[in-house]
Each structure stands twice: as structure tokens, then as C-alpha cells.
Amino acid sequence: MGSHLDSQPSGGKFDGAYGVMAGLEVLRTLNDTGVRTRAPMEVVSWTNEEGSRFTPVLMGSGVFSGVFTLEHVRAQKDLEGVSVGDALSQIGYAGSARPHKLGAYFEAHIEQGPVLEDTKTTIGVVQGALGQRWFDVAIAGQDSHAGPTPMETRKDALLAASRLVLEVNRIATTFPDYARGTVGFMQVKPNSRNVVPGDVHMTVDLRNAKDATLSAMVDELKRKVVAIAKETRTEIALAEVVYFPPSEFAPDLVASVREGSKAFGYSHRDIVSGAAHDAVYMARIAPTAMVFVPCEGGISHNEIENARPEDLAAGCNVLLQAALRCAQVGKKEPSA
């Protein structure tokens, strides 16, 4: 149980890639030291965790855990009309693997927030993740000339969208339990300097640590959508595309992350993940835990995202210890 990593991964763009690299480092360390576990260990790189090009988010782990069918996911299309199935085939990633039973699931990740760095803490012991509800919003008004059209007769879709953005921010800042609210995408048509916008497509992302509070946030959003549509003489359609409730990770696996931190003398603290991770879906079918390490400035999903090599190595060491506690150590393989 005293195994550790002698080398440090280099800093740089990590986000979800760090989890895969950390897993590979764990397996290489076990192989290099001749350690054989009683339970087999695997490393996985999930498809489309972020949901940037295709929705829903967390596609690979969603299919593995039974949240989505493979057929449903393969049929989803991007803004250009390309399906997931076609995109995977084009790059040679349309695999044939099938889900199987797991004894436990661990995931290492940068925090994607500022808490660990601000508190000068090396390891985040993740208790669970915020629940999320994502919406696609379509606002229909009327294109019209910016000069001849009086203000009082306009059906300005962008005005409606702007008011909705403010309401999303208000909801997130007035509700308790780690409430979050974001409008991260907006498409305006005809997007012309002298034309009142007649069509807007946008997204709304609501998050909370408690499912009841998250539902209350959604109810408030729906009430405001009705009011804004009436005030701006527009039609607003709200379609929910992602929903998963707040998740709690397995207490014994979480404890193994904490003990692994203690074993190396790393500073550590309990933390809740504000971001979605594949661990959220995997927790539905297997005991699950996560290891967080700091990222510079709390910045993620940005080209300047970075993490210190020593923090990345610390996360790998904790992941190694937690995985060994779970998989159990058998006899050492003889040296070659």
C-alpha cells in the first residue's frame, strides 16, 4: 500500500483528460512495481462528456449506465445536422464494446473552480455533485426595420432574451443551496444592424445541491418566461434537454480518498462538485468517488486552463491509494 508515483505529469490543458492520464499513471505504477490486485482495474475515456457539440451531456457514461440507449445517442445531431453515429464513424471511434458490471468507479479531475487554490489545499475530497437542469429556449418575435417600427409595437426577440438572461442571474443569486444559473449560448436572427431581431435561440443552465430547491428554481424560471413573453409580445418555448438530480458519492470510497490524502500528508478538504462529470451517472450503477486537484485561477473551459505538475502528481498518488484500498492487493509479480 506504500506505492507512489516517482514522476510528475507536466502542467497544461487537463480538464477531463487528466482523469485518463491519472488512471494510466496508476496502472503503469502498479505494473512497474509488480503489484497485482485481487480485482481487475480498467481505465476509460468517455465520449462527449461536455456536450458542447452534441446534447445530451455525458453521452458515453450515460449509455454505459443505462441512462440513454445507444440508438438514441447515435441519432443526436449537431447544429450542422451531423449525427453522433456519423461523426464517430468518420473518425473511427464507433466502437462495439458493451457495458459490464463494476465494483467501484474512481475519477480524478481538476476542480474547475477556485476553492482549492484560494484555500491553498492540494486535494479536494468530493462528496457529490450539484444537480443540473438544462433548457433550450426558442424565442419567436417579428423581424422589422429598426427605423420605421415604433418601440411600442415591436416584437423584439432579443429584448425578451435579454430580460430572460437577467432573470436567470437573479434566480441563481437569490436561491440557496449553492444555486447556479447560466446562459452560455445565444443565436440571434437575422443578426443585422438595422433589423429588430425576430428569432433567438439560447440555453439556460440551472444547478443546485438540493433537488427540491432546483425544482423551485425551474418553477420560477417558467413563471418568468410566461411574464416576459406577454410583456414583449413574443412567443417563448422552453424545452428541457438535460436533468439529473444532485448526487452523493459512496461514503466508504470518499473515505478512501481522504485516507489516501492523509497517507501522503497532503492538505485536503471536503468539496462539492459544481460541474457535471461522468461520475454522476456512474454513481447510479456502482460505488463512486472523485479526486479533485487545484487549477490556476479556478479557470476551466478556457485556453489558459492550467494546473501545477506537483498537484497533478498528488492527485495521481491519492487515486492510486484509493484504488488499491478498493481493488485489494494480492501477491507481487516476480521481477523480469
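The values are calculated or read from the model by the stated rules, or taken from the named source; none is laboratory data. All values reported here derive from a predicted model rather than from experimental measurement. Positions of Cβ are generated from backbone atoms using ideal geometry, with glycine treated the same way; all protein chains shown enter the neighbour counts. Calculation scope for accessible area: heavy atoms of the full protein, side chains included, ligands and nucleic acids excluded. Shrake-Rupley method; radii C 1.70, N 1.55, O 1.52, S 1.80 Å.
When V82 is tested against the conditions (1) free of Cβ contacts under 8 Å to residues at least 12 places away in the same chain; (2) open to solvent by 60 Å² or more (accessible area, probe 1.4 Å), the lone failure is (2). Among the residues of the range 206-220, those identified as within 12 Å of F244 (Cα to Cα) and open to solvent by 10 Å² or more (accessible area, probe 1.4 Å) are R207, A209, K210, D211, S215. The set of residues in the range 150-182 that are in contact with a strand residue (DSSP E or B) (Cβ under 6 Å, 6 or more places away or on another chain) and among the β-branched types (V, I, T) comprises V168, I171, T182.
Annotation: A172 fulfils all but one of (1) within 30 Å of V291 (Cα to Cα); (2) open to solvent by 60 Å² or more (accessible area, probe 1.4 Å); the unmet one is (2). Taking the range 271-310 as the range and being in a helix (DSSP H, G or I), surrounded by fewer than 23 Cβ atoms within 10 Å (Cβ to Cβ) and among the charged types (D, E, K, R) as the test, the residues that pass are E296, E310. Please return the ranges of strands (runs of 3 or more DSSP E) entirely within the range 184-270 where 1 or more residues are within 30 Å of S65 (Cα to Cα). It comes to 199-208, 235-244. Of all the numbered requirements in (1) touching a helix residue (DSSP H, G or I) at 6+ places or on another chain (Cβ under 8 Å); (2) surrounded by fewer than 24 Cβ atoms within 10 Å (Cβ to Cβ); (3) among the polar types (S, T, N, Q), S261 misses one, and that requirement is (2). Where the second residue is surrounded by 11 or more Cβ atoms within 10 Å (Cβ to Cβ) and the first is at positive phi and lies in the range 217-235, which pairs have Cβ atoms under 6 Å and are six or more apart or on separate chains? Close Cβ pairs satisfying both conditions: R233/K155. Could you tell me whether G60 is out of contact with any strand residue (DSSP E or B) (no Cβ under 6 Å at 6 or more places or on another chain), modelled with pLDDT under 90 and open to solvent by less than 30 Å² (accessible area, probe 1.4 Å)? Answer is no for this residue. Test S52 against the stated conditions and say whether it is of a type in the set (G, A, S), without any contact (Cβ under 8 Å) to a residue 60 or more places away in the chain, under 30 Å from Q328 (Cα atoms) and assigned to a loop (DSSP other than H, G, I, E, B). Considered against the rule, which asks whether it is of a type in the set (G, A, S), without any contact (Cβ under 8 Å) to a residue 60 or more places away in the chain, under 30 Å from Q328 (Cα atoms) and assigned to a loop (DSSP other than H, G, I, E, B), S52 comes out as no. Filter the range 226-245 down to the residues that are under 18 Å from I139 (Cα atoms) and under 23 Å from the mean Cα position of the chain (by Cα), then identify the one that is surrounded by the most Cβ atoms within 10 Å (Cβ to Cβ). In this case the residue turns out to be L238. The numbered conditions (1) in contact with a Phe, Trp or Tyr (Cβ under 6 Å, 6 or more places away or on another chain); (2) at pLDDT below 95 are all true for R133 except (2).
Just checking, which of G113, G141, G147, G103 is among the small types (G, A, S) and within 17 Å of the chain's Cα centre (by Cα)? Answer to the check: G113. Scanning the range 64-74 for residues that are open to solvent by 60 Å² or more (accessible area, probe 1.4 Å) and either part of a helix (DSSP H, G or I) or of a type in the set (A, V, I, L, M, F, W, C) (or both) gives L70, E71, H72, R74. Among the residues of the range 88-123 satisfying the criterion of being within 16 Å of V57 (Cβ to Cβ) and of a type outside the set (D, E), which is most open to solvent (accessible area, probe 1.4 Å)? My answer is Q112. A residue that is under 24 Å from E50 (Cβ atoms), at pLDDT 95 or above and of a type in the set (G, A, S) occurs nowhere in the range 253-272. Being of a type outside the set (D, E) and surrounded by fewer than 17 Cβ atoms within 10 Å (Cβ to Cβ) is true of R223.
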